[in-house]
Every structure is written in C-alpha cells, then in structure tokens.
Amino acid sequence: MSSATDPDRAGPAAGLSRIGQIAVTARDLDRAVAFYRDVLRLPFLFRVPNLAFFDCAGTRLMLGEPEGEGEAGHASILYFDVADLPATYDALRARGVTFKDAPHLIARMPDHELWMAFFADSEGNTLALMSEVRPAAG
C-alpha cells in the first residue's frame, strides 16, 4: 500500500507519531553490538556491513559507524522505559554498566512520579532508564 492511500504512513500531512528507527553512532561496531546485545540484552535483528540492528519493542535501533564528519558519542539520549527501575538498575550494574547517577526522582505528576537513572553505552552515548511510578492502590 502506498503512503498516498495509507493514512498511517502519510507523513507530515497526517501528523507524525510513531518512530520506526533510531540511529546511534559507534566508533567500534563490534564492541557496541556486544554491549547492546549482551549487556542491555536488546533483541538482535541483523547485521550488514557497517550497521547492526536491534528491536526496542517495535522501534528499530540502528548502530552504525560514523559517516563523513559524524562522530560517535553525541547521539540523542535514548530513554528505556522499565517497569521496575531499581531492579533494572541493579541488573545492569551487575553486568558491568557504570551509571552516572542512582535512580532519582525527576518530577511528581498528579497521577505518577517520573524516576530516571543515566549511564553511557560502550561508545560514550548517554542512555537512561525511566519509570513512571504510580502510587499503590489502597
């Protein structure tokens, strides 16, 4: 189906919504693949020359070597939404991840609290764990 007949893929005329792929640069692709696959345990999809792909709950993550004047370590921050931030933080620390900070409160909302913890991948890109914590019922 073409984008002209599929309203979900019509682009700016229909408004943007779902992100299909995010690119992150890596100075050492083998090292980055090992980090995302073995440490973060993201599902590995496939690899082609100079690129590797992972699945992030339906959004594809593409790791690639810098092209032209591109430089690794300066990507946008990827925020991984997790149900249990303290448990995920402890599990990643046990796998060798060094966090920049401990899980901490970012904001109190009317119906939940937003908590985060930041760390770097093997290439120096900043990543984060985030969790929207709702009060216990009762």
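The largest-to-smallest principal axis extents of the Cα set in segment 18-133 are 46, 32, 26 Å.
Counting charges near ASP28 (Lys, Arg +1; Asp, Glu -1) among other residues having Cβ under 10 Å from its Cβ returns a value of -1.
I need VAL82, VAL39 ordered by Cβ neighbour count within 10 Å, fewest first.
Values: VAL82 19, VAL39 15.
Least to most surrounded, the residues fall as VAL39, VAL82.
Every read-out reported here was derived from the displayed coordinates using simple, explicitly stated rules and does not represent laboratory data. This one's a predicted model, so the numbers in the text were calculated from it and none came from an experiment. Virtual Cβ from ideal backbone geometry, glycine too; neighbours counted across all protein chains shown.
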